[in-house]
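The values are calculated or read from the model by the stated rules, or taken from the named source; none is laboratory data. All of these numbers come straight from a predicted model, not from anything done at the bench. Heads up, the Cβs are rebuilt from the backbone with ideal geometry, glycines too, and the neighbour counts pull from every protein chain shown. Just so you know, the surface numbers come from the protein's heavy atoms only, side chains and all, with ligands and any DNA or RNA stripped out. Shrake-Rupley method; radii C 1.70, N 1.55, O 1.52, S 1.80 Å.
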Amino acid sequence: ELDALLAESMELAAKRTKSPKADLQELVERGALRNGQKLHLIDYKGNRVKKVVASVSGSSLIFENKRYSMSRLATQLLQREGFTSEAVRGPTHWVTDDGKTVKQLWEEAAA
């Protein structure tokens with residue numbers, strides 16, 4: 001009985017593991033994004049932050065001629081807009097022209 005309980009517990013723990021991080025380069029390789037494609041920053045309400053557009057470059061974003069991770073750039077720019085979060089999930093804050101988040105593209109690619 002203890003063995004069965006342990007096996008069940010291990011099975012539940014395996015299901016709770018984090019899904020892989022969204023990878024821009026992999027999305028480019030799969031054709032979901034392309035290098036040079038523009039992504040728009042959205043705030044926590046889903047509104048586009050005016051004049052904030054970055055472009056995909058491999059596994060990074062290019063903004064004002066500098067290379068950033070999605071999360072680092074989203075954090076910095078949202079703080080500049082007055083939001084106070086210290087840790088931002090970048091893939092949920094970058095969207096394509098048609099409004100799909102990088103997170104949505106990643107989930108579709110993984111399915």
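Structure summary
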quantity	calculated
Percent accessible area from carbon and sulfur atoms, segment 1-100, protein chains only, probe 1.4 Å	49 percent
At least 27 Å along the helix axis (C-alpha) and Kyte average at least 1.6, DSSP helices within the chain	none
Rough spin-label spacing in nm, given labels placed 7 Å along Cα→Cβ, for residue 86 and residue 109	3.0 nm
Segment residue 3-residue 44, length gained on full extension (0.36 nm per residue, minus Cα span)	10.3 nm
Cα pair distances exceeding 19 angstrom across the chain, given as percent	49 percent
Helix-only CD estimate at 222 nm, as mean residue ellipticity for the chain, using -39500 (n - 2.57) per DSSP H run (n ≥ 4)	-10500 deg cm²/dmol
Value of relative contact order over segment 23-102, rounded to a whole percent, pairs C-alpha under 8 Å and six or more apart	27 percent
